[in-house]
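A quick write-up on the structure given underneath.
The values are calculated or read from the model by the stated rules, or taken from the named source; none is laboratory data. Just so it is clear, the model here is predicted, and its values are computed rather than measured. All Cβ positions, even for glycine, are placed from backbone atoms using ideal geometry, and neighbour counts span all protein chains on display. Surface accessibility is based on the protein's heavy atoms, side chains included, excluding ligands, DNA and RNA. Shrake-Rupley method; radii C 1.70, N 1.55, O 1.52, S 1.80 Å.
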Amino acid sequence: MTADNRRLVVLSLDGVPHGLLLRLMEQGRMPTLARLCEEHGRPRTMRSVLPTVSCVAWTCYATGRNPGKHGIFGFVDRRTGTYELGFPNAANVRGPNLWEILSGHGKKVFGMNVPGTYPPRPVNGILIGGFLAPSLSKVAYPAEVGGYLEGIGYRIDSDAALARQSKEKMLEDLDVTLSRRAEAILHFLQQDRWDFFHAHIMGTDRINHFLLRQVAEGHPRLAPAFYDYYGRVDAVAARLLEEIGSDRPLMIISDHGFCPIRYEVQLSRYLVEAGWTVPTERVTGPLSIDPARSKAFCLIPGRIYVNVRGREAAGCVAPQEYQHVRQEIADDLLALRDPQGRPVIRAVLKREQVYWPSGSQGPDASAALALGLPPFGMGPDLLAIPHDGYDLKMGLAAPELFLNTQLEGMHTYSDAFFLGRGVEPPEGDLEIRQLAGAILQKLSVPVPQELDLAAVAPPVAAA
Amino acid sequence: MDKLDELENQSIYLIREAYYHFRKLAAMWSIGKDSTTLLWLCRKAFFGRVPFPVLHIDTSFKFEQIYRFRDEYARKWKLKLLVARNEQALARGVNSENNKLQCCTELKTNALKQAIARHGFDGLLLGIRRDEHGIRAKERYFSPRDGQFKWNYQDQPPELWDQYKSRTAGDTHIRIHPLLHWTEKDVWRYVKREDIPFVELYRARDGRRYRSIGCQTCCSPVPSQAATVDDIIAELETSTAGEREGRAQDKEDAYTMQKLRALGYM
């Protein structure tokens, strides 16, 4: 039987920025995590992924692969070779995830609520999907686990629609979701001798999305409620620590940072204004475009596709124009200014810089179709990286280019955090994708060659 | 006996079993290839005449080819065709552009509930197959639904030795799935062997065809060169894409969209 010091526990807090964690610990609002830091060193900053979206980040974590390899580029993607929108999920992920790799080596594994793990693949243990799993009857492998979850009133996710009605209702809902999650975490932790146990809390991302600005402005009611929530998250960590004792290695991590939103930027609309995208007469969705006249189009957040002839179903950009068109679009994007005249886009990266650093251009759609590759995940031609505060949306038919809604916080790339006890990820700049290697090593499982475990700092690393 | 004969025999057995058991039976006809195959089998089971009504749930948003096909074959095959539409919802302007989930619920689920209430059906024949969709893998040939249409898949009797539980308590109807054991490819092979007519949308035109048809608003064609049934069968031999890939309105997608919208991803 595996010794305790080889049985790893991971607690992940979605979207908690390194800076916020430090502040909360200093202010005494997260005493458990603060104590852990005193004993095992301060949390490290960790880079997320590009684009900085939870399902992409956690799929990088789970597969140890770059999106170019695993094929997940966002919660929405277009169906390969078409101008239609679809929703990739774990069924579209190329390559095995950590739970599968570890299962292959006879390890007992557990995963709960990690974004991008629905629909759950069969493992030696239990895998419970998270955000976007539609029901408890389908959320888990094995499916019977759904029955237990239903019995305790487990919630797959808090209801973000509530936040748009009232922040108070959202807080209540977050609270219930967290307490049921905690109950399930402890239940499963006690149930078996897990070699790898990973439980995820999504509520931190949600509360950041909907309250971050109010907290920054010291809102009299909402700021204290925000801190209370983090206090309760700390209490969950305390119960978990108590349960696992002091010998078992532990990682507490987030997948990206956060900053307050200045504007939501309707980038599709900008591409329309700049003449790159021509929408259809009636816009019914983010890709309601006229392909014969659209040289480029975009998906959230900042993923730009060039409508190349030969590669796309109705491409209108000649292949020899491709590089030139990309450069022109990049120039246009970099010229974008907000109503106060401040620049919006920090950098525009080419697909090969981000996803296929070895020099290939990555698969193109026609090759992918011929190979029978999954229906998503060809990756964008350009990736627009915004300055902090500019949340890139699609908004093909949005009334304004710059909008403000009930969303108050947006994801940031360079300030996720890593807090470890008895686990040693590589020194130096750390990326979430590299954790897979550290986890496999900790569990004495050979690291598959296809993993991308070297840090590849894209040229936007500095804020 | 070849595979298609076996499939056909099993299905005809199920159809006759259902007809014997249910006082008020109907066959659901979406005019797609599967339910049209189901009707073909019903005709075979009863020597050319379908002895129960055929119910089309009409959202009013179907392709015009579907309506034309329906009317043509309802006449040719002398079907007792019942068309169910949720007129109140249509009058309220329910459509998929505003809310796909609501649209499906009102125009399909509720339209069916209304039709069941109006005609008192206790058994419904459906052309679903296990290989269509993950959740359908758990389906039974005889599958009870309660008044809310809820399907409790964790409480189902085993179906051993062709013994089917075709009665349940009170407020329910039973769905019968005579094609459950067929695959998409089986259906097309059978369509070819029997020369069953089908809606032209399944054939490739300009490099695209529909693998699954329904409402015009929510179905997309997939890239394909398959213009004949043989081409379609050959395409299915090599395809790894899901059959319902082109169906935007799959409930799960609609759910996903709602969630993503709330978080500002749409």
Exercise. Taking only pairs that are 8 or more places apart or on different chains, how many Lys pairs in chain A have Cα atoms under 26 angstrom apart?
Worked result: 13
Exercise. Across 10 Å bins from the origin, how do the percents of Cα pairs in the stretch A:387-463 run, short distances first?
Worked result: 14, 34, 23, 19, 10, 1
Exercise. Using r as the Cβ-Cβ distance of residue A:228 and residue A:278, and R0 as 41 Å, what FRET efficiency do you calculate, to the nearest 0.05?
Worked result: 0.25
For this session: Compare the Cα positions of A:425, A:272, A:41 along the charge dipole of the protein assembly as shown (+1 at Cβ of Lys, Arg; -1 at Cβ of Asp, Glu; about the Cα centre) and return the one farthest towards the positive end.
Result: A:272
Seminar exercise, completed: Those trypsin sites (Lys or Arg not before Pro) from the stretch B:56-89 that are DSSP loop and have at most 15 other Cβ neighbours within 10 Å turn out to be B:78, B:80
Seminar exercise, completed: Zone reached by a paramagnetic label modelled 7 Å from residue A:397 Cα along Cα→Cβ, restricted to the stretch A:284-319 with backbone N below 17 Å, covers A:284-291, A:298
Problem set entry | Amide H within-cut-off set for residue B:83, under 5 Å, with H built and near neighbours excluded | B:56
Seminar exercise, completed: Largest-first ranking of A:408, A:39 by accessible area, probe 1.4 Å, whole protein assembly kept, is A:39, A:408
For this session: Could you pull out the trypsin sites (Lys or Arg not before Pro) across the stretch A:210-250 that fall in loop regions by DSSP (anything but H, G, I, E, B) with no more than 14 other Cβ atoms inside 10 Å?
Result: A:221
Seminar exercise, completed: In nanometres, the difference between 0.36 nm per residue of separation and the alpha-carbon distance of residue B:118 and residue B:13 is 35.0 nm
For this session: Report the antiparallel proportion of the DSSP beta bridges in the stretch A:263-403 as a percent, rounded to a multiple of 5.
Result: 70
Exercise. With every protein chain kept in the model, how would you rank A:229, B:19 by accessible area, 1.4 Å probe, largest at the top?
Worked result: B:19, A:229
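With a Förster radius of 35 Å, plug the Cβ-Cβ distance of residue A:179 and residue B:102 into 1/(1 + (r/R0)^6) and report the FRET value to the nearest 0.05. Provide the component values of the computation, followed by the final result.
Numbers: r = 31 Å, r/R0 = 0.90.
With a Förster radius of 35 Å, E is 0.65.
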Problem set entry | Selected from A:176, B:217, A:67, residue furthest toward positive end of dipole (the protein assembly as shown; charges at beta carbon) | B:217
Exercise. Could you work out the helix-only [θ] at 222 nm for chain A, with each DSSP H run of four or more residues adding -39,500 (n - 2.57) and the total divided by the number of residues, to the nearest 500 deg cm²/dmol?
Worked result: -10000 deg cm²/dmol
Problem set entry | For the protein assembly as shown, size of Cβ-based charge dipole, Lys and Arg +1, Asp and Glu -1, in debye | 1720
For this session: Using 0.36 nm per residue of separation minus the Cα-Cα distance, give me the extension gain between residue A:39 and residue A:456 in nm, one decimal.
Result: 147.1 nm
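Work out the mean other chain Cβ neighbour count within 10 Å for the residues of A:74-81 and drop it here as an integer. Don't jump to the answer; show the numbers that get you there.
Details: counts 2, 7, 5, 0, 0, 7, 2, 2.
Per-residue shielding by partner chains comes out at 3.
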For this session: Express in nm, to one decimal, how much length is gained between residue A:293 and residue A:186 on full extension, taking 0.36 nm for each residue of separation and deducting their alpha carbon distance.
Result: 32.9 nm
For this session: Note down the Stokes-Einstein diffusion coefficient of the protein assembly as shown in µm²/s, whole number, using a Kirkwood radius over alpha carbon pairs, 25 °C, and 0.890 mPa s.
Result: 89
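Roughly how many debye, to the nearest 20, is the charge dipole of the stretch A:6-55 about its Cα centre, given +1 on each Lys and Arg Cβ, -1 on each Asp and Glu Cβ, and no other charges?
The calculated dipole for the stretch A:6-55 is roughly 160 debye.
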Problem set entry | Loop trypsin sites (Lys or Arg not before Pro), the stretch A:262-300, which have at most 11 other Cβ atoms in a 10 Å radius of their Cβ (DSSP) | A:282
Exercise. Within 10 Å of each Cβ of B:252-262, how many other protein chain Cβ atoms are there on average?
Worked result: 6
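Quote the FRET efficiency, to the nearest 0.05, computed for residue B:23 versus residue B:238 with a Förster distance R0 of 60 Å and r equal to the Cβ-Cβ distance.
Working: r = 46 Å, r/R0 = 0.77.
Calculated value: 0.85.
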Exercise. Among B:182, A:129, A:443, which residue has its Cα positioned farthest towards the positive end of the charge dipole of the protein assembly as shown, with +1 placed on the Cβ of Lys and Arg, -1 on the Cβ of Asp and Glu, and the dipole taken about the Cα centre?
Worked result: B:182
For this session: Have a look at the DSSP beta bridges in the protein assembly as shown and tell me what percent are antiparallel, nearest 5.
Result: 50
